[in-house]
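Each reported figure results from applying straightforward, stated rules to the coordinates on display, with no laboratory input. Predicted, not measured: the structure shown is a model, and the values here were computed from it. Cβ sites come from the backbone with ideal geometry, for glycine too, and all protein chains shown count toward neighbours.
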Amino acid sequence: MKRVLLLLSTAVVVLWAAAPAMADDQTTETFRYPVTVNGYQVRQEMTPAEHPKVNGFITAMSVDIVDANGKPVPIQRLMLHHIVFSKIGEQNPQCKNFTGFDASQKFPGIARPFYGAGEERNVLSLPPGYGLPMKADDAWLNTWMLMNHKQKTDHAFIQWKVTYTTDPNTKPVDPFWLDVKNCNADPIFNVPGGGRKGSTYSKSYTFNMPESGHIVAAGGHVHGGAENLTISQPVCGNRKIMEFDPAWGMPSHPFYHVRPILHEPGPIAVSAYKTAQGFPVAQGQPIKLTATYDNTLVHTRVMGISLVYVAPSATPVNGCGPLPSDVEQFTTPLPHRTSPPRFVVPIVGIGPNGKARDISAPPGKRVRLKNNATIKERNFFFSKPNVLVRPGTRINWSINNGGDPTALHNVTLASGPRGFGSPNHSKGRFSYRFRTKGKYRIFCALHPVSMTETVVVR
């Protein structure tokens, strides 16, 4: 039976699963949403999403970027960085409140994510007999980010397929979104790097399960530089029940040859789990998610996310009980590497021909700044594009989009001695102390071609 990739996340969660044969009582419907992405633009939006107008259970989903003829658009043209499907009006059990793309925006947590995908173009496939409840009058929301790697404005469609059943005997599952930077539309953290060979950097999140039941499917999402993602049960002797391992493409894989480079490429797949018996979890039991990254190099704006599907139980469950005997752990059958490749992200500028190219520094003279100096970040420039400071100097960035509601900015290290990155702001402030000597190449990750800066520390 052919294997396909299942990715579930807000930034993305990957699950390899055996593709089930289509049952007689299952139906698949296809939906599209038109998108326009300007040349070299990083566009992120929240948009409504259609779905089957029936009462039933979702058993599988897939998503892709296609042209008007339904043909997949290559990553060298448009890259789907991530897309997350949420149900509006349903309380997110982890998030009473939610931070939007703009770090100053706070919203009630009344949108519950249930499926996601990213660069891997993956497929959701639940174990036979299980399904995500769906109602005809549900309201769905898509949260997505697309990157245009070409000079010209591009037009395409986000296309998703939903397979469902109306069989009343289907066992319902509840989705739980686990994220080491939870309750954020842009749930990033930064790996500083500079560690010894083999050193790692970890970040964790612990969530108390609101119900008893069994995890019947789970997957994980990580970015470039990740070693693994794990789920453990602290009250069961810190028992590790799942480890999601990234699979990195071979050196010839397209992920590593897209130009211009707008971010560190991620894995082509992440292993995942599926079991009809399920991993036991008890109401109130803490479940710990840990993302571990290589710390010899810097890795900025990375993520650690898992989406687990729990079949609730009407009776108490021993959360430290025996693990299931029918566990299937899936990984990609494609040729791949098991260790993250070394990848250095440059800064990019526009050449005389209007095309993006790697640059060593943006135009402008290099100026020396004193400790606690402020650099203005505006639409669409840094007021001091090339800076010289002494070790230990703190620099402040004053971020202001000038009242443009469509523009957000951040301060992100592309490459250099130590990694850092700010949240997205329409108006805000970010500070960083440069303790390590060297050259820091910086950009706004939302405008990586037009907003760049370098800081030399010596």
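Shown for the chain: cysteine residues without a partner Cβ closer than 4.7 Å, namely CYS444.
Whole-Hz Karplus values for the range 51-64 come out as 7, x, 8, 9, 8, x, 9, 7, 10, 7, 8, 8, 8, 7 Hz, taken residue by residue from phi with 6.51 cos²θ - 1.76 cosθ + 1.60 and θ = phi - 60°; glycine and proline positions read x. Partners of LYS427 within straight-line reach, counting aspartates and glutamates whose Cα lies under 13 Å from its Cα and excluding those fewer than 8 residues away in the same chain: ASP102, GLU377, ASP404.
Residue by residue, the range 30-43 carries 3J(HN,Hα) couplings of 10, 10, 9, 9, x, 10, 10, 10, 5, x, 6, 7, 9, 10 Hz when phi is fed to the Karplus relation 6.51 cos²θ - 1.76 cosθ + 1.60 (θ = phi - 60°); x denotes Gly or Pro.
Rounding to the nearest 20 debye, state how big the charge dipole of the chain is about its Cα centre with +1 on each Lys and Arg Cβ and -1 on each Asp and Glu Cβ. Result for the chain is approximately 2940 debye, rounded to the nearest 20. Rounded to the nearest 20 debye, the dipole magnitude of the range 324-458 is 1160 debye, with +1 charges on Lys and Arg beta carbons, -1 on Asp and Glu beta carbons, and the Cα centre as origin. The distance from the alpha carbon centre of the range 51-121 to that of the range 23-42 is 11 Å, rounded to a whole number.
When the C-alpha to C-alpha distance is required to be over 30 Å, the pairs from LYS197/LYS437; LYS150/LYS384; LYS181/LYS370; LYS96/LYS288 that qualify are LYS181/LYS370. Applying Stokes-Einstein at 20 °C and 1.002 mPa s to the Kirkwood radius of the range 347-457, computed over alpha-carbon pairs, gives a translational diffusion coefficient of 153 µm² s⁻¹. The range 415-442 and the range 215-259 have Cα centres spaced 26 Å apart. Using modelled backbone amide H atoms (1.01 Å from N, in-plane), which distant-in-sequence or interchain residues come within less than 5 Å of PHE382's amide H? Amide H neighbours of PHE382, under 5 Å, 5+ apart: THR452. Here the range 164-310 is treated with +1 on each Lys and Arg Cβ and -1 on each Asp and Glu Cβ, and its dipole about the Cα centre works out to around 340 debye.
The loop-placed trypsin sites (Lys or Arg not before Pro) in the range 174-215, going by DSSP, that have at most 11 neighbouring Cβ atoms within 10 Å of their Cβ come out as ARG196, LYS197. Take every pair of alpha-carbon atoms less than 8 Å apart whose residues are at least six positions apart; their mean separation over the length of the chain yields a relative contact order of 18 percent.
Among the chymotrypsin sites (Phe, Trp or Tyr not before Pro) within the range 248-351, not one is in coil by DSSP while having at most 12 neighbouring Cβ atoms inside 10 Å.
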